[in-house]
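All remarks here apply to the structure that follows.
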Amino acid sequence: MEKVEKLKITGLLGSVRLRLGAKDVEDESQDGEINLMTNTELMEAWCGYHLGEGSWWTDMKADFDKLEKLK
């Protein structure tokens, strides 16, 4: 399954498209690039759109991993 399809299913596609420069959430011009991105890059783009900075993903993932280790 392509990354675009995964993002569509999870509801993240529009935000990632917009962060990468699409004119609106339906604009498919960035889909080729999206399909080449890693999951980390996709989440950084989503965080960048919603939180203003992609590095939030790195911080949130690190904190999540710490919590998981405390089980």
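We did not get these values from a lab; they are worked out from the coordinates using the rules stated. Given the structure is predicted, the values throughout are model-derived calculations rather than measurements. Here the Cβ positions follow ideal geometry from the backbone for every residue, glycine too, while neighbour counts run over all protein chains shown.
Mind checking which of 14, 32, 48 has the largest fluctuation in a GNM of the chain, springs on alpha carbons under 10 Å?
Top of the fluctuation ranking is 32.
List the extent of the Cα atoms of the chain along each of their three principal axes, largest first, rounded to whole Å.
Rounded to whole Å, the extents work out to 42, 28, 18 Å.
Mind checking which lysines have their Cα closer than 23 Å to the Cα of residue 61? Skip sequence neighbours fewer than 8 apart in that chain.
3, 6, 8, 69, 71
Could you compute the net charge surrounding residue 67? Neighbours are other residues with a C-beta less than 14 Å from the C-beta of residue 67; K and R count +1, D and E count -1.
Details: positive: 61, 66, 69, 71; negative: 59, 63, 65, 68.
That works out to 0.
Rounded to the nearest 0.05, what FRET efficiency do residue 55 and residue 28 give with R0 = 25 Å and r taken as the Cβ-Cβ distance? Could you check?
Values: r = 27 Å, r/R0 = 1.09.
So the FRET efficiency works out to roughly 0.35.
What's the exposure ranking of 67, 12, going from fewest to most Cβ atoms within 10 Å? Working shown, then result.
Values: 67 9, 12 18.
Starting with the residue having the fewest Cβ neighbours, the order is 67, 12.
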